[in-house]
Amino acid sequence: MNVDWFNLHRETVTHPGMWDDTYLQELLNADHGPVPDKGNVVVIPGRYHAADIDAINQHIKQYDNVLIVVTADEANEFPADQLRHEAFNVWIQTLNPARFDQGFTAFPLGYPPSTKQWVAEAGIPAPDSWWFFSGQITHKRREEMWTAINDIPNGAGHATDGFTQGMDRRVYMERMARAKIIPCPSGPETQDTFRLWEALAAGAVPLADASTPQRVDDGFWAKLFTDPPFPIIRDWHRAPMVINEIVEGWPHIANKTQAWYTRYRRSWAAKLTDTMRDLTGVNESEQVTVLVPTSPIPEHPETSIIENTIQSIRDRFPAEDIRIMVDGVRPEQHRYTEAYQEYTRRLLWLAHNEWYNVQVTVHDTHKHQAWMCREELATVATPLLLYVEHDTPLYNDWPVTRLVRPLLDKTAYLVRLNHEHMLQPDHAHLLVGGDTTPLNGLPYRRTIQWSQRPHLARVDEYTRWLNDWFKPGERSMIEDRMHSVVQRFPWERFRIFLYTPEGNMQRSIHTDGRGEDPKWGNVDG
């Protein structure tokens with residue numbers, strides 16, 4: 001992708017390199033998920049180029065198609081509505097809903113440089129304060145916030161003399177990471193602030209501001225995202241009550257917020273991909289989405305089991321979208337709740353700071369595999385899925401490109417990878433036909449045996465099976481139903497192949513997360 005950091009005023013404007021550029025730079029560098037190789041992006045620091053629209057329109061003529069991103073323009077002074085090109089799209093930071101109604105895309109302000117580095121270096125501290133705020137108190141919204149929070153216990157507020165004139169930023173981020181809640185009053189011109197994105201990066205729950213000193217609840221956030229799990233404050237006098245509610249629900253609301261943030265970050269890589277596809281006509285769509293269910297086990301809050309599994313996936317699928325589905329706690333496992341919530345908090349930290357392209361969904365109630373998978377597949381855009389339980393890391397070689405070909409051409413609907421080193425005599429009656437079937441240069445056997453151990457499958461067929469064989473709201477392991485279903489029909493109905501390479505066939509192992517705990521039964525909805 002060609003990125004043009006447009007700047008006519010280099011003697012006074014540091015671009016790229018401004019605080020406003022950080023999140024966008026990460027996105028264009030594919031830090032938040034794979035992005036296309038093709039296309040042109042022109043990034044304009046808007047406030048500093050408000051009088052240069054003619055020069056900009058002339059400059060962008062050199063590109064057949066272009067995505068224009070306007071940054072550093074809180075007051076929306078740049079005349080984006082005067083941009084002209086035959087094939088272009090426009091994203092705008094701090095987009096004022098009343099300023100533009102041109103179908104422009106609102107883009108987040110993001111956090112300043114080094115934010116992620118300092119959060120990662122701080123590790124996963126246990127929060128030791130309810131709330132933390134350090135910043136200027138320069139207008140009505142901030143004065144209302146300051147008055148409301150000062151009497152709330154177990155917090156720390158610091159009024160600073162000016163922008164960047166507070167504590168050292170590394171210390172500031174460490175304080176954020178040790179707080180549960182971060183009030184984020186608006187700036188003078190926009191509701192969006194660096195502080196909100198710093199809070200999300202630090203693992204805290206932000207309190208976003210619905211208004212600015214000039215604009216009252218104008219729908220700004222609705223342009224940027226829908227249904228955030230964190231509060232948007234309309235009246236700062238209610239902040240003490242809101243903070244108390246979050247503290248009482250801790251850490252579940254923080255985990256929900258961080259899970260939302262994993263998906264939100266990834267959504268921008270998807271938006272960039274879609275935008276470039278629309279502009280260039282080049283489809284660089286991904287092929288496989290990895291689904292990893294996780295649930296309470298005795299080892300929690302330790303994360304080593306799922307860490308090993310995620311690493312084994314990344315070793316074989318370097319960039320694919322991984323979706324971790326965090327099940328709710330079933331009543332029989334209530335004793336695990338506290339440890340499981342802490343495990344979830346640590347897992348989310350890993351998703352943001354150690355792992356690449358990992359999204360997390362935190363479910364409020366116990367749903368089990370079938371229900372969680374049905375919901376997750378509703379948002380999957382790839383044609384194929386890889387299903388990997390949290391304690392079944394992949395093993396040995398996976399010739400991925402050749403394994404997926406029979407699924408893409410619909411010769412197979414599901415490809416099983418053996419978790420035993422050889423074919424089991426006890427399962428011989430479930431093999432169909434007596435000969436190996438070569439597909440795309442690999443040896444397979446047709447089978448009517450279902451196993452929930454790691455397998456590749458077509459998303460459309462998998463979705464249909466879940467809809468056909470599981471009632472809505474049914475809490476069930478998938479294998480418990482499907483192992484008998486596939487044996488009742490001719491092989492052609494499900495087209496299951498077992499990959500049978502020469503020598504050791506084992507392609508996954510079992511680290512037995514459940515341990516001595518019983519296998520709990522399924523529950524109808």
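None of the figures in this text is laboratory data; all of them are computed from the coordinates on show. The model shown is predicted, which means the values in this text are computed figures rather than measured ones. Using ideal geometry, Cβ is built from the backbone for each residue, glycine included, and neighbour counts are taken over all protein chains shown.
Residue-wise HN-Hα couplings along region 471-478, as the Karplus relation 6.51 cos²θ - 1.76 cosθ + 1.60 with θ = phi - 60° gives them from phi, are 5, x, x, 7, 9, 8, 5, 5 Hz; Gly and Pro carry x. Of the trypsin sites (Lys or Arg not before Pro) in region 460-525, which ones lie in a loop per DSSP and count no more than 14 other C-beta atoms within 10 Å? Taking region 460-525 and a limit of 14 other Cβ atoms within 10 Å, the loop trypsin sites (Lys or Arg not before Pro) found are K519.
Determine which aspartates and glutamates satisfy two conditions relative to K61: a Cα distance under 17 Å, and not lying fewer than 8 residues away in the same chain. Output for K61: D4, D52, D81, E86.
Over region 2-107, Cα pairs under 8 Å with separation of 6+ residues give a relative contact order of 23 percent.
Could you list log10 I(q)/I(0) for region 286-499 at q = 0.10, 0.11, 0.12 Å⁻¹, which the Debye formula gives when each Cα is one point scatterer? Those come out to -0.44, -0.53, -0.64, one per q.
Taken along the Cα-to-beta-carbon direction at a fixed 7 Å, the label points for R169 and Q424 span 5.6 nm.
Less than 5 angstrom separates the built amide H of T437 from those of Y444, R445, R446, all sequence-distant by 5 or more or on a different chain. Sorting the segments 208-216, 245-253 by their residues' average number of neighbouring beta-carbon atoms within 10 angstrom, most packed first, yields 208-216, 245-253. Take every pair of alpha-carbon atoms less than 8 Å apart whose residues are at least six positions apart; their mean separation over the length of the chain yields a relative contact order of 12 percent.
What the phi angles of region 495-511 give under the Karplus curve with 6.51, -1.76 and 1.60, with θ = phi - 60°, is a coupling list of 6, 8, 10, 10, 6, 10, x, 5, x, 5, 7, 5, 10, 7, 10, 10, 8 Hz, glycine and proline written as x. In summary, the convex hull built on the alpha carbon positions of region 115-250 has an orientation-averaged projected area of 7.8 nm².
For region 381-389, the Karplus equation 6.51 cos²θ - 1.76 cosθ + 1.60, evaluated at θ = phi - 60°, returns couplings of 9, 7, x, 10, 10, 10, 9, 9, 5 Hz by residue, with Gly and Pro reported as x. With no solvent and one equal point scatterer placed on each C-alpha of region 394-525, evaluate the Debye formula and give log10 I(q)/I(0) for q = 0.10, 0.11, 0.15, 0.21 Å⁻¹, two decimals. Computed log10 I(q)/I(0) values: -0.35, -0.42, -0.78, -1.39. Both radii come from the Cα set of region 252-316: Rg as radius of gyration, Rh as Kirkwood radius; their ratio Rg/Rh reads 1.10. Neighbours of A269, meaning other residues whose beta-carbon lies under 13 angstrom from its beta-carbon, give a summed charge of -2 when Lys and Arg score +1 and Asp and Glu score -1. Under 5 Å between amide hydrogens, built in the peptide plane, is the criterion, and for S134 it picks out H158 among residues at least 5 positions away or on other chains.
Across every pair of non-identical alpha carbons in region 2-107, the mean reciprocal distance, once inverted, gives a Kirkwood radius of 14.1 Å. Rounded if a/c is under 1.5, else prolate if a/b beats b/c, else oblate: with a ≥ b ≥ c from the C-alpha gyration tensor eigenvalues square-rooted, which is the chain? Cα axes put the chain in the oblate bin. For S129, the residues 5 or more places off, or on other chains, whose built amide H falls under 5 Å of its own are K180.
In units of 2.2 N^0.38 Å, what is the alpha-carbon radius of gyration of region 389-433? Write out the running numbers ahead of the final one.
Details: Rg = 12.9 Å, N = 45, 2.2 N^0.38 = 9.3 Å.
With N residues counted in region 389-433, Rg over 2.2 N^0.38 Å equals 1.38.
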